[in-house]
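Undergrad: Can you keep this structure in mind? I'll have questions shortly.
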Amino acid sequence: MNSIRKVFGTAVGKKCGMALTGVFLFLFVVGHMVGNLQVFLGQYAINHYAQLLQSNTGVLWSLRICLAAVALTHIYFAITLTLENRAKREVGYEVKELVGASLASRTMFISGSVIFGFIVYHLLHFTTGTTNPEFMTFKDERGWHDVYRMVQTGFSNGWVVAAYVVGVGALGLHLSNGLRAFCQSLGWRFETYASRIDRAAVIVAVVLFVGFAIVPLALFLGGAK
Amino acid sequence: MKVTVRVWRQKNAKTPGRFVEYEVADASPDMSFFEMLDVLNERITKQGEEPIAFDSDCREGICGACSCVINGEAHGPEKKVTTCQTYMRSFQDGQVIIVEPFRAKAFPLIKDLVVDRSAFDRIIQAGGFISVNTGSAPEANTVPLPKYHSDLAMDAASCIGCGACVAACKNTSASLFVAAKVSHLNLLPQGKPEKDPRVLGMVQAMDEAGFGSCTVTGSCEAVCPKGIPISFISRMNYDFIAAALKLRVHGRRV
């Protein structure tokens with residue numbers, strides 16, 4: 001064991017890689033949720049926030065490149081670990097009771113794949129406007145990109161709302177296990193507060209799910225004016 | 001009570017195996033699971049067939065020899081017991097009991113329900129030695145040790161190395177076993193000097209032996225006959241990271 005490469009080559013090292021990249025993505029997601037919630041402060045607030053981000057091209061692109069690199073590393077570790085792990089049991093069981101394992105912990109790869117698919121759709125929908133090119137032409141009276149009108153129009157379609165709720169639902173499920181696994185993999189989930197960490201992970205995941213899902217749902221049901 | 005035992009029969013690693021059903025009409029609820037298999041084997045032997053091969057030694061739940069996945073659960077339906085401490089009263093009259101060997105690439109099958117768990121021995125060997133003075137017993141209280149650490153080390157040391165954690169894990173990860181063995185020595189002053197090389201060596205040996213990684217599902221602690229919690233895996237990760245960050249100990253690479 002004499003190099004960084006060897007350390008990150010071990011199963012424990014790869015899980016550390018998952019944890020470190022995962023927590024970066026988690027922090028981004030928290031920031032994203034707080035940003036989204038400004039839609040409830042009205043048109044000016046959300047459009048001003050979007051304008052602030054978009055005018056700082058340097059910061060915006062540095063963040064985007066970092067995020068993409070971290071997300072790809074997370075996915076790389078996830079695929080390698082999943083493939084390795086699947087090859088470790090050649091003959092399966094006739095019956096298998098899933099004792100002790102939560103749904104979220106057993107389906108990390110599936111929920112992660114759903115999130116990935118959702119992110120691709122979300123980027124095409126609201127960032128590049130590939131699915132709805134008219135979104136990019138919306139301007140408010142200040143000449144800023146009218147994000148408020150864009151999300152209002154976007155979330156008037158029930159199918160789009162359903163896709164977003166499923167996407168952020170997968171995110172909540174993923175994080176309910178991901179956050180405790182993050183503490184576990186980095187060696188912080190000591191016995192004294194193990195159960196508190198597990199509970200906190202679920203609470204944070206639920207808060208994030210509600211924080212994200214409330215925007216499309218409220219706009220669809222006409223709650224935000 | 002009458003039960004049907006559907007058991008995995010496989011002559012050796014090269015011959016393909018299959019499930020064979022046996023009726024056991026005269027089982028008593030007070031029999032242990034293995035006593036029931038003994039009765040069945042007696043009958044099978046008298047019929048001129050090969051008896052069902054299974055591992056068992058102490059039959060009091062402390063040696064870690066017995067294995068078996070019973071109805072999809074390592075060591076059977078009861079919590080915190082080994083297969084030998086599983087009793088027929090845990091099953092219902094007329095029930096079909098499916099008995100399988102521990103399934104993991106790192107535990108190659110030898111015969112019927114017997115698997116080769118020597119991968120665990122290779123991990124233990126990779127852990128190396130501890131520095132203790134032999135000879136007369138040391139003076140009492142000369143080695144300060146917090147009660148909390150001694151309790152934890154004792155909990156970790158209760159691991160009997162049966163391999164149920166590997167059998168239950170969807171990734172066949174041996175993390176709980178390795179974590180228990182690492183923590184048991186790393187928590188004690190006697191194990192401190194070799195702490196770093198121990199954890200690095202054992203984690204590496206775990207990969208080399210062909211075990212998977214930990215996804216924190218918690219299946220292992222649920223089937224562990226000694227109730228060892230997965231927080232020990234976190235402890236092992238902590239020790240591993242601390243050791244890996246040092247990389248060099250006393251001028252030489254560990």
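Undergrad: Compute from the Cα atoms of the stretch B:1-119 the Rg and the Dmax, the latter being the longest Cα-Cα distance, and quote both in angstrom.
TA: Expressed in Å, the Cα Rg and Dmax of the stretch B:1-119 come to 13.6, 39.
Undergrad: Placing unit charges on C-beta atoms (Lys and Arg positive, Asp and Glu negative, everything else neutral), compute the dipole magnitude of the stretch B:117-253 about its Cα centre in debye, rounded to 20.
TA: My answer is approximately 300 debye.
Undergrad: Still on this structure, I have one more. Could you go through the stretch A:83-96 in sequence order and give the Karplus-derived ³J(HN,Hα) for each residue, using 6.51 cos²θ - 1.76 cosθ + 1.60 with θ = phi - 60°, rounded to whole Hz, and x for Gly and Pro?
TA: 5, 4, 5, 5, 7, 8, 10, 7, 9, x, 8, 5, 10, 9
Undergrad: Can you give me the long-range amide H partners of B:E73? Hydrogens built in the peptide plane at 1.01 Å from N, cutoff under 5 Å, separation of 5 or more residues or another chain.
TA: Correct list: A:E97.
Undergrad: Is it possible to state the helix-based mean residue ellipticity at 222 nm for the protein assembly as shown, with each DSSP H run of 4+ residues giving -39500 (n - 2.57), the sum divided by total residues, to the nearest 500 deg cm²/dmol? What is it?
TA: Taking each H run of at least 4 residues, the total per residue is -16500 deg cm²/dmol.
Undergrad: Related question: Suppose every Lys and Arg Cβ carries +1 and every Asp and Glu Cβ carries -1, with no other charges. What dipole size does chain A come out with about its Cα centre, to the nearest 20 debye?
TA: My answer is approximately 560 debye.
Undergrad: Can you give the FRET efficiency for B:K80 and B:Q190, using 1/(1 + (r/R0)^6), R0 = 35 Å, r = Cβ-Cβ distance, to the nearest 0.05?
TA: 0.80
Undergrad: With θ taken as phi - 60° and the coefficients 6.51, -1.76 and 1.60, list the Karplus ³J(HN,Hα) couplings across the stretch B:40-57 in order, rounded to whole Hz; mark glycine and proline as x.
TA: Each residue of the stretch B:40-57 in turn: 5, 4, 4, 5, 4, 4, 4, 7, x, 9, 6, x, 6, 8, 8, 7, 6, 9 Hz.
Undergrad: Something else: Of all beta bridges DSSP finds with both residues in the stretch B:3-110, what is the antiparallel percent, to the nearest 5?
TA: DSSP beta bridges in the stretch B:3-110 are roughly 75 percent antiparallel.
Undergrad: Please list, or write none, the aspartates and glutamates whose alpha carbon is within less than 16 Å of the alpha carbon of B:K14, excluding same-chain residues fewer than 8 places away.
TA: Reachable aspartates and glutamates: A:E90, B:D112, B:D116.
Undergrad: Oh, and also: Please report the relative contact order for chain A, taking Cα pairs under 8 Å with a sequence separation of at least 6, and give it as a percent rounded to a whole number.
TA: For chain A, the relative contact order is 29 percent.
Undergrad: Turning to a different aspect of this structure: Which of A:H32, A:V99, A:F138 sits closest to the plus end of the dipole of chain A, meaning its Cα is farthest towards the positive end, when Lys and Arg get +1 and Asp and Glu get -1 on the C-beta?
TA: A:V99
Undergrad: Now a separate question. Which whole-Hz couplings ³J(HN,Hα) result when phi for each residue of the stretch B:221-233 is put into the Karplus expression 6.51 cos²θ - 1.76 cosθ + 1.60, θ = phi - 60°, listed in order with x for Gly and Pro?
TA: Ordered by residue, 3J(HN,Hα) equals 5, 5, 9, 4, x, 9, x, 6, x, 6, 4, 5, 5 Hz.
Undergrad: Would you mind ranking A:W159, A:W188, B:W8, A:W61 so that the residue whose beta carbon has the fewest other beta carbons within 10 Å leads the list?
TA: A:W159, A:W61, A:W188, B:W8
Undergrad: About the Cα centre of chain B, how large is the charge dipole given +1 on each Lys and Arg Cβ and -1 on each Asp and Glu Cβ? Please answer in debye to the nearest 20.
TA: 1060
Undergrad: Using the Cα centre of the stretch B:117-253 as origin and beta-carbon charges of +1 (Lys, Arg) and -1 (Asp, Glu), tell me which of B:S158, B:V199, B:A243 is placed farthest towards the positive end of the dipole.
TA: B:A243
Undergrad: Further question on the same structure: Between the stretch A:157-220 and the stretch B:1-42, how many Å separate their Cα centres?
TA: A separation of 45 Å, based on Cα centres.
Undergrad: Can you tell me which lysines have their Cα less than 23 Å from the Cα of A:K139? Leave out same-chain residues fewer than eight positions away.
TA: Straight-line reach from A:K139, under 23 Å: A:K225.
Undergrad: With the crude spin-label approximation of a point 7 Å out along Cα→Cβ, what separation in nm comes out for B:D93 versus A:I79?
TA: Modelled inter-label distance: 5.8 nm.
Undergrad: OK, next. Could you give the angle, 0 to 90 degrees to the nearest 10, between helix B:147-157's Cα long axis and the longest principal axis of the Cα atoms of chain B?
TA: 40
Undergrad: I need to check one value: relative contact order of chain B, counting alpha carbon pairs closer than 8 Å and at least 6 residues apart, in percent.
TA: 19
Undergrad: Moving on to the next point. If I model a spin label as a point 7 Å beyond the Cα along the Cα-Cβ vector, how far apart are those points for B:E60 and A:S156 in nm?
TA: 7.9
Undergrad: What lysines does A:K15 reach when the alpha-carbon gap must be under 30 Å and sequence neighbours fewer than 8 apart in one chain are set aside?
TA: A:K6, A:K88, A:K96, B:K79, B:K80, B:K105, B:K170, B:K181, B:K192, B:K195, B:K226, B:K246
Undergrad: May I pose another question? Given Cα pairs under 8 Å that are at least 6 residues apart, what percent is the relative contact order of the stretch B:3-110?
TA: Answer for the stretch B:3-110 is 33 percent.
Undergrad: May I pose another question? Using amide H atoms built in the peptide plane, which far-off residues or other-chain residues are under 5 Å from B:Y87 H to H?
TA: Those lying under 5 Å, H to H, from B:Y87 are B:F33.
Undergrad: Same structure again: Using alpha carbon centroids, what distance separates the stretch B:168-216 and the stretch A:42-72, in Å?
TA: Taking the Cα centre of the stretch A:42-72 as reference, the centre of the stretch B:168-216 is 43 Å away.
Undergrad: Between A:L221 and A:L63, what's the calculated FRET efficiency when r is the beta-carbon distance and R0 is 41 Å? Round to 0.05.
TA: 0.80
Undergrad: Here's another thing I want to ask about it. Picking from A:A181, A:A87, A:A11, which is most flexible by a Gaussian network model of chain A using Cα springs under 10 Å?
TA: It is A:A87.
Read-outs throughout are calculated quantities, based only on the coordinates presented, and are distinct from any laboratory measurement. Owing to the predicted nature of the structure, the values given are computational and were not obtained by experimental measurement. For neighbour counting, all protein chains shown are included, and Cβ atoms are generated from backbone atoms with ideal geometry for every residue, glycine included.
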